[in-house]
Structures are given as structure tokens and as C-alpha cells.
């Protein structure tokens with residue numbers, strides 16, 4: 001079984017650091033969490049992240065035990081997690097400009 | 001207790017190299033410095049395009065970088081070359097800064113003052129040759145780790161950096177500090193999103209406030225621009241590699257700082273005044289060569305450079321050890337990358353073991369082992385941070 005790397009126990013995403021993962025494959029975990037499995041709902045390229053749990057729209061996406069951003073849409077366990085469904089909470093000059 | 005073999009300088013600082021430095025004061029002296037360094041054993045040249053037509057704060061920055069490089073204990077003696085005496089940052093100013101801080105031998109060669117390029121080259125060569133012979137009498141001595149200031153950097157980061165290379169570098173940094181040494185974490189842009197990892201370890205509330213203020217200063221510039229930071233951080237190649245946000249990139253980067261207490265906050269190229277063991281955080285640029293030159297000017301004798309894609313970066317006077325967590329990068333770039341810690345991601349070695357591998361390499365290099373880049377004379381990473389425009 002292919003595995004994704006999980007940094008901290010509280011993380012809701014894992015990172016593909018071995019072979020790329022295809023949609024429909026069952027994936028295990030390596031790192032701080034070693035007993036999880038999830039079915040990939042999309043292709044996960046090398047270096048990219050997969051959701052280990054459902055993450056509702058607006059909830060925090062966590063890696064290293066901290067938020068790496070907010071979910072832009074409802075994310076299902078097994079989804080590819082990247083710039084199409086996560087936005088940064090920091091350095092948002094665009095939002096600051098809107099507020100002005 | 002771990003010790004390393006270094007060159008004890010008159011002011012008590014310890015070098016891990018014993019270079020005669022040909023230090024260029026201005027772009028017009030660069031070639032002369034390079035030529036002398038190629039002709040005289042034991043010498044290295046540091047050149048740059050600055051020193052003229054800079055606004056005052058920029059000129060002060062240039063002076064701090066150049067003087068700091070000469071002050072670094074890896075340098076045993078300095079020959080400063082300038083082409084024309086110009087107020088603001090003369091070769092004499094640099095010589096004063098270096099000699100006052102260290103007592104090490106410093107000579108100044110002014111191209112015009114010597115009667116032109118050929119006479120100046122001869123004079124610089126003679127100074128360099130005499131210094132090199134005198135320094136060759138020095139012998140390495142066993143010294144405690146409290147004499148080591150370790151720099152840490154990451155560049156060409158990919159997904160493996162934050163998961164293997166950087167956390168292993170952080171464990172190495174912790175090991176250095178546990179033995180009484182000091183380490184620097186720079187690249188302040190990349191603390192954004194995980195300030196609390198640093199502030200929660202700050203030795204005083206003042207240091208915690210400086211950390212927050214430093215990041216805020218950088219974030220304010222992004223906010224004032226009216227732009228979304230996502231246009232530039234993470235970079236396009238970071239995103240292709242799987243990094244989604246600046247927060248994620250930051251967390252991977254700050255992992256190089258390990259888990260030791262943060263005992264000091266430094267400005268760009270500022271040397272720690274205290275000798276308290278611990279992590280010193282440095283406000284500074286994300287630009288790799290500027291960042292590592294800033295740490296060399298602050299007195300770091302050895303640098304650990306964690307790289308996802310593999311790297312050639314190497315500072316002229318500060319041995320630069322490269323580490324990667326990407327097995328393919330190691331295969332492609334092992335001419336200049338020392339260590340492969342990709343076993344962490346395959347579950348073959350622990351992060352602690354990877355950190356110990358890096359620590360052992362730091363001790364070996366501090367005691368005289370050449371880095372791969374030093375062996376190939378590929379010292380490519382001296383750059384001075386700019387804070388203003390050329391005028």
C-alpha cells in the first residue's frame with residue numbers, strides 16, 4: 001500500500017512523498033500517524049497533499065499541528081488538497097484593499 | 001562533551017578556516033582581488049558590485065557586510081583593495097572596523113595611491129603572501145562547542161524540505177546548543193504563520209515582541225501593496241511542488257530552528273553580543289546568498305544549507321554543508337550536496353538519526369574536512385543585502 005507522510009497527530013492532511021497516488025487507491029500513513037487509511041478521490045501528485053478527514057468550508061487545514069489556511073469549499077476525506085480548495089490567511093493585501 | 005579543532009584568534013574567537021581574505025571595497029577592485037587570490041596560496045577573494053553611489057542606509061549595510069566578513073574568525077588576515085578614496089565607506093573605514101574588533105592583521109591597497117593597477121597588484125600580492133606564510137604557522141587546537149556559531153538556511157525548497165531536511169537541520173541545531181553552542185535562524189519572511197513556535201520559546205517578552213514586530217513589518221509591506229501575497233509566496237515552483245500557502249512554507253522553513261530557547265533577536269548581519277547558548281533569530285531577507293552572507297558577517301563559522309532540489313550554494317569563507325531529503329536531488333547533485341536524509345521519508349532512519357548525521361558532519365567540517373563545494377573551489381554565494389536604490 002502506498003503511504004502519505006503525516007507530521008503531527010492533529011493534522012488533517014498527509015503528504016505524498018513516495019510514488020504518485022491514483023484516484024481510487026487506498027492509501028496508508030507514515031510519520032507521526034501510522035494507522036490511518038483513506039481512499040484517494042483524485043490523483044495526488046508527488047509532493048501534494050490528501051485530506052485524511054472531511055474538512056468543511058471555512059474550517060482550518062492543519063499540517064505540522066497548525067493551520068496552513070482555510071478550506072475554500074467542503075473538502076472530503078481523500079480529496080486532493082491544494083490551491084484550488086485552500087486559501088492563505090496571511091499577507092492578504094487583496095483583502096486589506098477590499099476593506100479600505 | 002564534543003569539541004572541535006579550530007584556529008584560536010587573538011580576541012578569543014575561533015576560526016574553522018585560516019583564510020587570507022582579499023576584500024574588494026568596490027566593483028573596480030574586484031578583478032584585482034580575484035587575480036591575487038588565484039596566485040597566492042591560502043587566499044580567498046570576496047567581491048561585489050556595490051560600495052559606490054548608494055544612499056546612506058544602503059552604504060551602511062554594505063559596510064556592515066564587508067567589515068563583518070573580515071571580522072569573521074575564519075579569516076586570519078585581510079587585504080582590502082580600493083581604487084579611489086571616497087568618503088562614506090573607504091578601505092580605511094573597513095580596516096578600522098575589522099582591526100578594532102579583532103586585532104587581526106589588515107592591510108590596505110589603494111590602486112590610485114600605489115601608482116596604478118600593476119603596482120597595486122604587486123603590493124596586494126606581497127601583503128597576501130606575507131600574511132599567508134605567517135598564518136601557516138598556526139595550528140588547530142581543541143576547543144569547546146561554546147565557540148561555535150552555526151548558521152542555518154534552506155533553498156530550492158520542495159515538499160521534502162519541511163518534512164526531512166529542515167527538521168533534521170533543526171535537530172542538529174539543538175545538538176549544537178545542547179553542547180553549549182549557538183545557532184542562527186534567519187529568513188524572517190518565512191516565520192509568517194508560525195510566529196508562536198518562536199515566541200513561545202523566547203527567553204524574554206522583549207524578544208517575543210521583536211519577533212512579532214519583525215514579521216508584522218514584512219506583512220505590512222505586503223498589505224500596503226494591495227496585492228495578495230499568493231502572487232509571490234509560495235513561489236510558482238513551490239506550488240507545483242505541492243506547497244499551498246505561505247503558512248505551510250513557513251512551518252517547513254522554521255523547522256530548521258529546532259526546539260531550543262530563542263535567546264536573542266538580531267538585525268541583518270548583526271553579530272550576537274551574548275555568548276548564551278541558544279537560538280538567535282535574525283531579521284533578514286529571503287534571498288539565499290544575501291541571507292547566508294548576512295550570517296557569515298554575523299560571525300557564523302559553518303552553515304547547514306537544507307535543499308529540496310539540490311544546490312551549489314557555498315560562501316567564500318563560511319563552509320556550507322548541503323543536505324537534502326530528496327533522493328533524486330542527491331543523485332543529480334551529489335557533486336556539491338554532502339548528505340542524503342531521504343531515508344526519513346521511507347521510514348528507514350529517524351529524524352533524530354538524520355540530525356545526528358548532520359551534527360557529525362558539522363564537527364568534521366569545523367575541524368578541517370573540506371566541503372564538496374570547497375574542494376571544487378565553487379564559492380559562489382557572497383551577496384550584500386540592498387535597502388535602497390543606486391543613485
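A few remarks follow.
- Length released on extending from residue B:240 to residue B:133, taking residue separation times 0.36 nm less the Cα-Cα span: 33.3 nm
- When DSSP beta bridges are restricted to pairs lying wholly in the protein assembly as shown, around 35% turn out antiparallel.
- Segments B:205-217, A:62-74 sorted - mean Cβ within 10 Å per residue, highest first: A:62-74, B:205-217
- Between residue B:331 and residue A:10, the modelled labels are 3.9 nm apart [label points 7 Å from Cα along Cα→Cβ].
- Length added when fully stretched, residue B:391-residue B:117, from 0.36 nm per residue minus Cα-Cα: 96.0 nm
- Given R0 = 22 Å, the distance between the Cβ atoms of residue A:74 and residue A:37 translates into a calculated FRET efficiency of 0.55.
- Per-residue shielding of B:157-164, expressed as the average number of other chain Cβ atoms within 10 Å of the residue Cβ, stands at 4.
- Modelled this way, with points 7 Å down the Cα-to-C-beta line, the labels at residue B:196 and residue A:60 are 0.5 nm from one another.
- Peptide packing for B:181-188, B:95-102 was compared via the average number of neighbouring C-beta atoms within 10 Å per residue; ordered from the highest value, the list is B:181-188, B:95-102.
- Secondary structure note: in chain B, about 15% of the DSSP beta bridges are antiparallel.
- Rounded, prolate or oblate (a/c below 1.5 giving rounded, otherwise prolate when a/b exceeds b/c) for region A:1-98 by Cα gyration tensor: prolate
- Distance between the modelled labels on residue B:212 and residue B:276, one decimal in nanometres: 1.9 nm (7 Å Cα→Cβ projection).
- Shape class for region B:19-135: oblate, because the ratio a/c of the largest to smallest gyration tensor axis (alpha-carbon atoms, square roots of eigenvalues) is 1.5 or more and b/c is at least a/b.
- By definition, a body whose alpha carbon gyration tensor gives a ≥ b ≥ c is oblate when a/c is 1.5 or more and a/b is not larger than b/c, and region B:146-375 fits this oblate description.
- Relative contact order for chain B, counting Cα pairs under 8 Å that sit 6 or more residues apart, in percent: 22 percent
- With the highest mean first, a sort of the peptides B:243-256, B:54-67 on other beta-carbon atoms found within 10 angstrom per residue produces B:243-256, B:54-67.
- Peptide A:81-90, shielding by other chains (average Cβ, 10 Å cutoff): 5
- Other protein chain Cβ atoms within 10 Å, averaged over every residue that makes up A:42-49: 4
- Additional length obtainable on full extension of the chain from residue B:346 to residue B:2, 0.36 nm per residue less Cα span: 120.8 nm
Just so you know, all these numbers are worked out from the coordinates, no wet-lab data involved. Keep in mind it's a predicted model, so treat the numbers as computed, not measured. Positions of Cβ are generated from backbone atoms using ideal geometry, with glycine treated the same way; all protein chains shown enter the neighbour counts.
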